[in-house]
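Here the structure comes first, spelled out in structure tokens, and everything after it is commentary.
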Amino acid sequence: MEAHALFLCLIIAVCGLAFSVDVGPNAPLIGAPGAMVRLSESDPGVVKAIQFAEERYNMGSNGMHIRRVSRVISATKQLVKGIRYSMTVEIGNTQCKKTAELSVSDVCEFVPEPHKLKTEVCLFEVWDIPWQSKYTLLKQKCQLSAAPQEPRKVVSVPLSVNQPSQESLELLTQFKDFMEKYNRSYSSQEEAERRVHVFKENMKTVQVLQSLEQGTAEYGVTKFSDLTEDEFRATYLNPLLSQWSLQRPLKPAARASNPPPASWDWREHGAVSDVKNQGMCGSCWAFSVTGNIEGQWFLKSGKLMSLSEQELVDCDGVDQACRGGLPSNAYAAIENLGGLETETDYSYTGKKQSCDFSTGKVAAYINSSVELPKEEKEIAGWLAENGPVSAALNAFAMQFYKKGVSHPMKIFCNPWMIDHAVLLVGFGERKGVPFWAIKNSWGMDYGEQGYYYLYRGKDACGINTMCSSAVVN
């Protein structure tokens, strides 16, 4: 269906429709013991943990009115001598005055005027010890949102066909522009309406990200704006990266000989191939590793080759192809196979096929692989001396990144929940703001010509936790 025709259909549909701003359930991810598991906001454990956190929050507040969670942004749990819940939420004012008799089950309506809501974004960490029937608040960190959001509840906005609300028209116009720009079409009117609601919720997340941004990044409409967080993670990201027990240990890299220069960019020295596109396949781990090896072979031979990610997707028997993988495993697979073919000889399809590797077509090999230090200055020094570096990070903010140096708050970007592999190609400063230049694998129409720029110097989003490189003798 053409975007403009669907736009008219959506206006008609929405004008008789009650908008729901409730966030849909998130499907939990299965993880190893001790691994972070993403949860739905309706999960009974999350509900109880939030009630406990709300109670402790209000006990420590000097305000006259009860404040309640108006929206759950994300929730995870970790099995560590009990259950450790980590929840990022929005909290807003209610009309209930504090009394000794007020319980968490009482209904407290939120302040009706948005400008009086005084919304905060809070990170709560709650430790549940089931066998003791005991909760403990481990962490509470809140920051005032500069752009208060409406309370999270289901609201009905009946619209006239002749007089749709200005807000709805603006939303639908924005959605129509999104469809046209990214050539979107949907299988049915119902699916299109569902995507409008997802788009609307995502734009609220964008507002929160933007209002609390600590760098210079601009967030907004991207080609992923009609996907829920769960759909985005399942299709483009790699949750296996946060399962530390699956990591194959690598030997430590020798530290850099000299302190890092003020800036360095391997694109300027010919060691970086064009931005590629992994498509709807969680194969970022393969792109990160091939990018690193392309740089290593350039430094060895003076020739830049585009190497095959599809070979790893098909032939790496340890990793899980489009369902994720680990760079450490990929290095071992390349060593066992005998090397990598070129992109031309073994082209990318974005889905797992039978292995078609030929030793006669090997264009590059590796001898071993190393893990870099965790200090960002050491990583920068090693990169400048030795070439682009395979790395991984928490990609929550990347779904809506458009340009600038991204520096999300830690509550959006937990460094222990890394879920996307990338390639560090350089570093420097923009108007005094230090950054990493990161080659991504979502095509040239993502970010700044396919690149993501992340704040450097505070281990933002866990970018320092999994840096590695192949070794070519």
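The values are calculated or read from the model by the stated rules, or taken from the named source; none is laboratory data. Owing to the predicted nature of the structure, the values given are computational and were not obtained by experimental measurement. All Cβ positions, even for glycine, are placed from backbone atoms using ideal geometry, and neighbour counts span all protein chains on display. These accessible areas exclude ligands, DNA and RNA; they are computed on the full protein's heavy atoms, side chains included. Shrake-Rupley method; radii C 1.70, N 1.55, O 1.52, S 1.80 Å.
Matching residues to (1) within 20 Å of Pro44 (Cα to Cα); (2) modelled with pLDDT of 70 or more; (3) surrounded by 13 or more Cβ atoms within 10 Å (Cβ to Cβ); (4) in contact with a strand residue (DSSP E or B) (Cβ under 6 Å, 6 or more places away or on another chain):
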| residue | (1), (2), (3), (4) |
| --- | --- |
| Val80 | yes, no, no, no |
| Ile83 | yes, yes, yes, yes |
| Val89 | yes, yes, yes, yes |
| Glu113 | no, no, no, no |
| Val126 | yes, yes, yes, yes |
| Arg152 | yes, no, yes, yes |
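What's the number of the condition Thr99 fails, among (1) open to solvent by 70 Å² or more (accessible area, probe 1.4 Å); (2) modelled with pLDDT under 75; (3) under 29 Å from Phe232 (Cβ atoms)? Among (1) open to solvent by 70 Å² or more (accessible area, probe 1.4 Å); (2) modelled with pLDDT under 75; (3) under 29 Å from Phe232 (Cβ atoms), Thr99 violates only (3). Of the residues that sit in segment 311-322 and are more than 24 Å from the chain's Cα centre (by Cα) and outside any loop (DSSP other than H, G, I, E, B), which one is nearest to Arg233 (Cα to Cα)? Across segment 311-322, the extreme among qualifying residues is Asp314. Here is a check on your reading of the model: is Gly325 surrounded by fewer than 19 Cβ atoms within 10 Å (Cβ to Cβ) and either in a loop (DSSP other than H, G, I, E, B) or without any contact (Cβ under 8 Å) to a residue 24 or more places away in the chain (or both)? Judged against the criteria, Gly325 is not a match.
A quick yes/no check of all residues on (1) outside any helix (DSSP H, G or I); (2) touching a Lys or Arg at 6+ places or on another chain (Cβ under 6 Å); (3) charged (D, E, K, R):
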residue: Ala333; (1), (2), (3): no, no, no
residue: Gly350; (1), (2), (3): yes, no, no
residue: Gln353; (1), (2), (3): yes, no, no
residue: Phe357; (1), (2), (3): yes, no, no
residue: Ala384; (1), (2), (3): no, no, no
residue: Ala392; (1), (2), (3): yes, no, no
residue: Asn414; (1), (2), (3): yes, no, no
residue: Val425; (1), (2), (3): yes, yes, no
residue: Glu429; (1), (2), (3): yes, no, yes
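Among the residues of segment 225-243, those identified as under 28 Å from Cys142 (Cβ atoms) and either in a loop (DSSP other than H, G, I, E, B) or modelled with pLDDT of 95 or more (or both) are Ser225, Thr228, Phe232, Leu237. Close Cβ contacts (under 7 Å, 6 or more residues apart or on different chains) running from residues in segment 363-390 that are at pLDDT 95 or above to residues that are among the small types (Gly, Ala, Ser) and open to solvent by 50 Å² or more (accessible area, probe 1.4 Å) comprise Glu376/Gly457; Glu385/Ser257.
Does Ala364 satisfy the criteria of being touching a Phe, Trp or Tyr at 6+ places or on another chain (Cβ under 8 Å) and either open to solvent by less than 20 Å² (accessible area, probe 1.4 Å) or farther than 30 Å from Pro252 by Cα (or both)? So Ala364 passes the test.
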